[in-house]
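Have a look at the structure below before the remarks.
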Ligand SMILES: Cc1cc2nc3c(=O)[nH]c(=O)nc-3n(C[C@H](O)[C@H](O)[C@H](O)COP(=O)(O)OP(=O)(O)OC[C@H]3O[C@@H](n4cnc5c(N)ncnc54)[C@H](O)[C@@H]3O)c2cc1C
């Protein structure tokens with residue numbers, strides 16, 4: 001590789017900093033320059049909410065590199081508070097404006113790593129000094145300072161995506177009376193509705209208020225007004241309503257912007273200019289599961305793409321496989337994680353998507369500390385190909401979703417998942433891991449051995465009268481979670497009360513879908529054909545939007 005190759009990188013945080021370090025490791029003789037518009041290079045954006053919450057107390061821990069550090073360790077030049085204002089593709093120069101004034105930086109290879117910017121919805125009064133965003137270190141400092149100095153009592157978070165929810169958690173930790181307002185029907189919009197409900201409940205259990213299906217129209221110090229005219233206490237407001245890719249510079253330079261709004265790159269992270277690569281939140285990539293163009297504004301993909309872009313800018317031919325959108329976040333003392341397509345996402349793409357939900361302990365129930373988790377796998381009917389997974393619980397959630405992410409990368413099916421040989425000892429898991437159990441449930445449904453309906457479908461069918469519910473739970477379980485049913489026969493009494501089983505299409509209900517599976521097999525064995533198990537049982541049923549136990 002040439003000793004003089006000039007690599008210029010615009011943007012110096014996740015993708016840009018990774019690309020710079022990688023470039024110098026690959027070619028020590030290359031001249032690598034980072035142009036960064038902000039005051040910091042390589043900082044930990046993902047850690048910002050945890051500084052506001054005070055989980056992280058050392059501000060300096062979030063600053064991963066300084067210009068001096070970059071130069072000393074890697075020999076990378078960093079120009080801070082310097083904005084790239086134009087790219088001249090034929091002259092191969094970038095115009096910049098910084099503390100030294102206006103200048104032009106020549107490149108042999110250019111890597112764009114400009115990230116995205118938080119989207120500010122039209123809210124009256126959003127310019128007020130009690131309204132914040134949480135995107136950079138200065139944003140974080142401003143929020144922390146406002147809470148420390150002005151002692152607000154109430155907080156409003158506009159937007160219930162993961163950054164908004166992390167900010168809400170920080171406000172709760174700072175003892176603010178916190179409300180989250182989310183425009184869509186549930187918080188964490190990429191998740192399926194039942195998981196959105198679980199996440200919302202975790203926040204409500206911690207004392208936060210969750211308002212869904214509403215937008216914030218106006219804010220003034222102390223009060224916010226929603227689109228239905230209602231008012232909320234809001235001494236501090238944090239807006240987190242989505243991310244838009246920073247592609248203006250690329251667009252002005254004639255680079256191709258894709259259907260998702262991100263900058264188009266090929267599998268080598270190269271744009272339509274052979275000398276310009278791009279990585280991170282600003283690019284359009286391929287969804288690894290659907291094969292469709294998408295944007296995945298997450299740190300893992302940004303770092304890996306930065307590494308690939310640098311490798312290829314120096315003559316390599318490393319390919320990016322696309323992202324499955326694997327993500328995890330802390331919902332108060334619970335965890336939610338997902339990978340691949342959601343059920344609603346898969347259906348929106350026209351896929352024949354089925355799912356299986358299990359509620360299982362994260363390790364065997366007899367070992368102290370077992371915590372119940374909900375795990376849903378989404379797969380393609382017919383082929384059994386895994387499409388995605390979501391999980392929620394106190395423990396073990398990240399492990400199952402990482403297994404699912406690995407399975408997605410390998411193109412695995414529910415049969416492969418059922419056969420996964422996962423680590424087990426009582427403190428860690430179960431001989432049949434929740435992932436195996438979810439796959440068993442999917443196999444049982446797919447093969448016709450155990451006809452199954454989702455909780456949402458059961459709710460619909462019992463509501464429209466096309467089927468009735470047989471409740472197989474114990475009296476104690478029924479008391480804890482009322483579900484009106486056509487008949488109630490605890491599983492252990494089924495054999496001698498068989499005469500009492502209602503005629504007609506029957507949906508079998510147990511606490512989490514296990515006892516009803518046993519009953520289903522008995523009923524099928526006795527010749528019944530019009531019976532289905534409710535996937536995930538009463539625990540899933542109560543998460544169906546609009547569910548009221550009584551009205552069934
Ligand atoms: C509060 C918060 C929490 C998060 N938590 C997580 C998490 O837990 N897990 C996860 O996977 N992801 C998380 N993310 C997302 C993750 O941080 C981003 O996906 C990642 O930082 C994207 O990297 P990037 O390099 O593409 O962009 P960025 O990290 O945004 O960096 C882009 C940089 O480019 C600079 N720039 C833009 N235009 C110009 C210009 N014209 N001239 C000079 N410089 C320019 C910007 O100043 C910016 O510093 C979080 C993000 C935030 C804000």
TODO: Could I have the simple spin-label model distance between residue 209 and residue 266, label points 7 Å from Cα toward Cβ, reported in nm to one decimal?
DONE: 5.5 nm
Open item on the list: Tell me the angle of helix 434-447 to the major Cα principal axis of the chain, expressed in degrees between 0 and 90 and rounded to the nearest ten.
Closed with: 60 degrees
Task: the range 369-429 shape via C-alpha gyration tensor axes, a/c threshold 1.5 - done: prolate
- [ ] Using R₀ = 56 Å, calculate the FRET efficiency as 1/(1 + (r/R₀)^6) where r is the Cβ-Cβ separation of residue 71 and residue 129; round to 0.05.
- [x] 0.90
Task: Net length gained if the chain between residue 91 and residue 227 were fully extended (0.36 nm per residue, minus Cα distance) - done: 43.9 nm
Task: the range 278-399 shape via C-alpha gyration tensor axes, a/c threshold 1.5 - done: oblate
Task: Histogram of C-alpha separations across the range 429-476, 10 Å bin width, % - done: 22, 34, 37, 7, 0
- [ ] In nm, give the distance between the simple-model label positions of residue 416 and residue 175, each being 7 Å from the Cα along the Cα-to-Cβ direction.
- [x] 5.2 nm
Task: Cα centroid separation - the range 206-225 against the range 330-358, whole Å - done: 27 Å
Open item on the list: Can you tell me how the range 106-150 classifies by the Cα gyration tensor, rounded, prolate or oblate, using a/c under 1.5 as the rounded cut?
Closed with: oblate
Open item on the list: Per DSSP helix of 4 or more residues, -39500 (n - 2.57); summed, then divided by the residues of the chain. What does that give at 222 nm, rounded to the nearest 500?
Closed with: -8000 deg cm²/dmol
Open item on the list: Within the range 101-115, name every residue whose backbone N is under 19 Å away from a label modeled 7 Å from Cα of residue 83 along the Cβ vector.
Closed with: 101-105, 112-115
TODO: Just need log10 I(q)/I(0) for the range 214-299 at q = 0.13, 0.18 Å⁻¹, Debye formula, equal scatterers on the alpha-carbon atoms, no solvent, rounded to two decimals.
DONE: -0.59, -0.75
TODO: Pop a pseudo-label 7 angstrom from the Cα along the beta-carbon direction at both residue 449 and residue 424 and give the gap in nm to one decimal.
DONE: 1.6 nm
TODO: Compute the acute angle (0 to 90°) between the alpha-carbon long axis of helix 162-173 and the principal axis of greatest extent of the alpha-carbon atoms of the chain; round to the nearest 10°.
DONE: 80 degrees
Task: Gain on full stretching of the segment that runs from residue 217 to residue 58 - 0.36 nm per residue minus C-alpha separation - done: 53.6 nm
- [ ] Only Cα pairs under 8 Å and at least 6 apart count here; give the relative contact order of the chain as a rounded whole percent.
- [x] 11 percent
Open item on the list: Nearest 10 degrees is fine. How inclined is helix 137-150 to the longest principal axis of the chain, computing both from alpha carbons?
Closed with: 70 degrees
Task: the chain - Rg over Rh from alpha carbon coordinates, Kirkwood radius - done: 1.03
Task: Efficiency of FRET from Cβ geometry, residue 108 and residue 474, R₀ 56 Å, rounded to 0.05 - done: 0.20
TODO: Could you work out how far the C-alpha centroid of the range 229-268 sits from that of the range 51-84, in angstrom?
DONE: 24 Å
- [ ] Show me 405-412, 36-43 ranked by packing, highest mean number of other Cβ atoms within 10 Å first.
- [x] 36-43, 405-412
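Where a number appears in this text, it was derived from the coordinates with a stated rule and is not lab data. Since this is a predicted model, take the numbers as computed values, not measurements. Positions of Cβ are backbone-derived with ideal geometry, glycine not excepted, and every protein chain shown enters the neighbour counts.
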